[in-house]
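Trainee: After the structure tokens below, expect a handful of questions from me.
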Amino acid sequence: MKAVHYEKPFEVSVREVPAPKIQHPDDAIVKVTTAAICGSDLHMYQGRTAAEAGLIFGHENMGIVDQVGSGVTLLKKGDRVVMPFNVADGRCLNCEEGRTAFCTGVNPGFAGGAYGYVAMGPYAGGQAQYVRVPFADFNALVLPAGTEHESSFALLADIFPTGWHGVTLSNFSPGESIAVFGAGPVGLMAAYSAHLRGASRVYVVDKVPARLEAAKKIPGATPIDFSAGDAVDMIIKENGGKMVDRSVDAVGYQAVGSGKGEGEVPNVVLEQCIMVTRPTGGIGVPGLYVPADPGAPDEKAAKGMMMMSFGKLFEKGLTIGTGQCNVKKYNRYLRDMIISRQADPSFVVSHEINIDDTPSAYQKFDQRIEGYTKVLIHPNGPLRS
């Protein structure tokens, strides 16, 4: 089969590799109809992780069940499914408590597993024509047959639930104001989720013109261009002189400063969240932070450490929630919102491509050019109704 193969920093290729096989009775093999390129894939693409050549990328996957193991009882050949990026066994304590992003049974020595991601277990990614789904009854969400809502359903694998989760981490309540830092796919989904959940005001911070334009598609959202000034000051001014109730860091450890030519400042978004959020408010951090970064701008950041204004955080009585999204906690409810047309997250999709165009798409997405904000890959060719 064809698959997206990591070669070295800033280089992926499409190679012929062996198709996956059933390895355990609980496995299923899914023929991938849609996979997505995620911003967190760029961390590996840029050489900012320990990813080695040969890794097959892709943790946002959906498709049609092609084979099932003898232990699979809830799925059958021909079912249309989407898989959470989290690989979970459904059996450990964390899974029993609904914290599937932190399954301790699928990746010994690390809290959680995922498809096609460094240090997240031996699970090949789905930017390929087929993908093996372990613990398939637990990990696959069944969708209505056909091709309707394909672009929206594909986002149930990660960014729509992750955006929703970021808002939840901030302890948001309907009627509150919220600032979302980062208008990449997760940030846009966090802002969209806040709108769906009844936010009174939504501010979306970025500097990439295409991303700020995408934010305008969210009803009531106010784009904030941090290249034009201090984001905290601009948000407070737009908010009638008041701090916001909640904030979301959807950027993570590769945040950049606002100064001209200023490079990475890993703590800048967390600092801005602390400063822009009102006393006793909350901060949600779905943006990725890593325990080791070989390309970090300083020695502390290379070890996953950074300075932050903890004294101000304490003084203001702020809460802060972090961590990867437990996709299964949200995905079936968000699926039903899509089916009932109460939600349509597909506005974030900028390009749909075939698998052979993936190397070029990675380059353009990484460079933030030609409007590449969220790319969907159709590994087995265009969809047919």
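The values are calculated or read from the model by the stated rules, or taken from the named source; none is laboratory data. In this text, all values refer to a predicted model and were calculated from it rather than measured experimentally. No Cβ is skipped: glycine too gets one built from the backbone with ideal geometry, and neighbour counts run over all protein chains shown. Heavy atoms of the whole protein, side chains included, go into the accessibility calculation; ligands, DNA and RNA do not. Shrake-Rupley method; radii C 1.70, N 1.55, O 1.52, S 1.80 Å.
Trainee: Could you grab the relative contact order for the range 204-244? Cα pairs under 8 Å, six or more apart, rounded to a whole percent.
Mentor: Working: 39 pairs, mean separation 13.3, N = 41.
With pairs under 8 Å counted, the relative contact order is 32 percent.
Trainee: Moving on to the next point. Can you give the accessible area of MET62 in Å² (nearest 10), computed on protein heavy atoms with a 1.4 Å probe?
Mentor: My reading of the accessible area for MET62 is about 0 Å².
Trainee: Enumerate the calculated ³J(HN,Hα) couplings along the range 226-232 in order (Karplus 6.51 cos²θ - 1.76 cosθ + 1.60, θ = phi - 60°), each rounded to whole Hz, writing x wherever the residue is Gly or Pro.
Mentor: 6, 6, 9, x, 6, 4, 4
Trainee: In the range 37-110, if the dipole is taken from +1 on Lys/Arg beta carbons and -1 on Asp/Glu beta carbons about the Cα centre, which of GLY47, GLY98, GLY69 is farthest to the positive end?
Mentor: In the range 37-110, that residue is GLY69.
Trainee: Exceeding 21 Å between C-alpha atoms, which entries from my cross-link table qualify? They are LYS207/LYS316; LYS2/LYS76; LYS207/LYS364; LYS21/LYS76. Kindly include the intermediate steps, with their values, before the conclusion.
Mentor: Values: LYS207/LYS316 28 Å; LYS2/LYS76 24 Å; LYS207/LYS364 17 Å; LYS21/LYS76 16 Å.
Too far apart for the 21 Å limit: LYS207/LYS316; LYS2/LYS76.
Trainee: Take the solvent-accessible surface of the protein heavy atoms, probe 1.4 Å, and return the percent of it on the range 92-227 that carbon and sulfur atoms account for. Write out the running numbers ahead of the final one.
Mentor: Values: 2410 of 4430 Å².
Of all accessible area on the range 92-227, carbon and sulfur atoms account for 54 percent.
Trainee: Rolling a 1.4 Å sphere over the protein heavy atoms, what is the accessible area per residue of the range 335-378, to the nearest Å²? Walk me through the numbers before you get to the answer.
Mentor: On the way: 1960 Å² over 44 residues.
That works out to 45 Å² for each residue.
Trainee: Taking θ as phi - 60°, what are the ³J(HN,Hα) couplings along the range 96-102 by the Karplus curve (6.51, -1.76, 1.60), each to the nearest whole Hz, with x for Gly and Pro?
Mentor: Those phi angles translate into 4, 8, x, 9, 5, 5, 10 Hz.
Trainee: Also: What's the extension gain from GLU299 to LEU93 if we count 0.36 nm per residue and subtract their Cα-Cα distance? Walk me through the numbers on the way to the answer.
Mentor: Details: separation 206, 0.36 × 206 = 74.16 nm, distance 3.56 nm.
Here the answer is 70.6 nm.
Trainee: Quick one: which of LYS303/LYS329; LYS31/LYS216; LYS77/LYS328; LYS242/LYS312; LYS77/LYS329 span more than 28 angstrom between C-alpha atoms?
Mentor: On the way: LYS303/LYS329 31 Å; LYS31/LYS216 35 Å; LYS77/LYS328 22 Å; LYS242/LYS312 17 Å; LYS77/LYS329 25 Å.
In this structure, LYS303/LYS329; LYS31/LYS216 lie more than 28 Å apart at Cα.
Trainee: Once you list every other residue whose beta carbon is under 15 Å from the beta carbon of ARG384, what net charge do they have if Lys and Arg are +1 and Asp and Glu are -1?
Mentor: Numbers: positive: LYS31, ARG80; negative: GLU148, GLU150, GLU352.
Result for the neighbourhood of ARG384: -1.
Trainee: Which trypsin sites (Lys or Arg not before Pro) in the range 270-355 sit in a loop by DSSP (not H, G, I, E or B) and have at most 14 other Cβ atoms within 10 Å of their own Cβ?
Mentor: Values: sites: LYS300, LYS303, LYS312, LYS316, LYS328, LYS329, ARG332, ARG335, ARG341; in loops: LYS303, LYS316, ARG341.
Taking the range 270-355 and a limit of 14 other Cβ atoms within 10 Å, the loop trypsin sites (Lys or Arg not before Pro) found are LYS303, ARG341.
Trainee: Run the numbers on the range 78-150 and let me know its relative contact order in percent, using alpha-carbon pairs under 8 Å that are six or more apart.
Mentor: Values: 120 pairs, mean separation 24.1, N = 73.
It rounds to 33 percent for the range 78-150.
Trainee: Which value, in Å², gives the accessible area per residue of the range 1-62 when a 1.4 Å probe is used on the protein heavy atoms?
Mentor: Numbers: 2380 Å² over 62 residues.
Per-residue value: 38 Å².
Trainee: Once you have the Cα-Cα distance between ALA53 and LYS207, take 0.36 nm times their residue separation minus that, and quote the gain in nm to one decimal. Walk me through the intermediate numbers first.
Mentor: Numbers: separation 154, 0.36 × 154 = 55.44 nm, distance 3.24 nm.
Result: 52.2 nm gained on full extension.
Trainee: If you average the alpha carbon positions of the range 191-246 and of the range 53-72, how far apart do those two centres end up, in angstrom?
Mentor: That distance is 37 Å.
Trainee: Can you list the residues, at least 5 places off or on another chain, whose amide H is less than 5 Å from the amide H of ILE224, using H built in the peptide plane?
Mentor: Close amide H contacts, sequence-distant or interchain: VAL204, VAL205, ASP206.
Trainee: Mind putting a number on the dipole of the range 273-385 about its Cα centre? Charges go on the C-beta only, +1 for Lys and Arg and -1 for Asp and Glu, and I need it in Debye to the nearest 20. Walk me through the numbers on the way to the answer.
Mentor: Working: 14 positive and 11 negative charges, 120 e Å.
Approximately 580 debye in magnitude.
Trainee: Suppose we keep just the DSSP beta bridges with both residues in the chain; what percent of those would be antiparallel, to 5? Don't skip to the answer; put the middle values down first.
Mentor: Values: 32 of 58 bridges.
Antiparallel bridges: around 55 percent, rounded to the nearest 5.
Trainee: Which listed residue (GLY295, ASN139, ILE37) has the Cα farthest towards the positive end of the charge dipole for the chain, taking +1 on Lys and Arg C-beta and -1 on Asp and Glu C-beta about the Cα centre?
Mentor: ASN139
Trainee: Given contacts defined as C-alpha pairs under 8 Å and at least six residues apart, what's the relative contact order of the range 88-235, whole-number percent? Could the numbers behind the result be given before it?
Mentor: Values: 220 pairs, mean separation 18.5, N = 148.
It comes to 13 percent, rounded to a whole number.
Trainee: Further question on the same structure: Restricting to DSSP H runs of at least four residues, report the calculated mean residue ellipticity at 222 nm for the chain, -39500 (n - 2.57) per run over all residues, nearest 500 deg cm²/dmol. Please report the intermediate quantities before stating the final value.
Mentor: Working: 13 runs with 96 residues, N = 385.
Mean residue ellipticity at 222 nm (helix-derived): -6500 deg cm²/dmol.
Trainee: Please list, in order along the range 112-129, the HN-Hα scalar couplings obtained from phi with the Karplus expression 6.51 cos²θ - 1.76 cosθ + 1.60 (θ = phi - 60°), rounded to whole Hz, x for Gly and Pro.
Mentor: Listing the rounded values in order: x, x, 7, 7, x, 9, 4, 6, 9, x, x, 10, 4, x, x, 7, 7, 6 Hz.
Trainee: Further question: State the label only: which of (i) 22.2; (ii) 17.8; (iii) 20.7 corresponds to mean projected area of the Cα convex hull in nm² computed from the shown model?
Mentor: Among (i) 22.2; (ii) 17.8; (iii) 20.7, the one calculated here is (ii).
Trainee: Oh, and also: Under a 1.4 Å probe, what is the accessible area of the range 228-270 per residue, stated in Å²?
Mentor: Result: 46 Å² per residue.
Trainee: Just GLY54, GLY241, GLY220 to compare: in a GNM of the chain, with alpha carbon springs under 10 Å, which one fluctuates most?
Mentor: Of GLY54, GLY241, GLY220, the Gaussian network model singles out GLY241 as fluctuating most.
Trainee: Starting from the residue with the highest accessible area, list LYS31, LYS217 in decreasing order, probe 1.4 Å.
Mentor: Details: LYS31 80, LYS217 125 Å².
In descending accessible area the options line up as LYS217, LYS31.
Trainee: Please list, ordered by chain and number, the residues whose modelled amide H lies under 5 Å from the amide H of GLY47; skip anything fewer than 5 residues away on the same chain.
Mentor: PHE10
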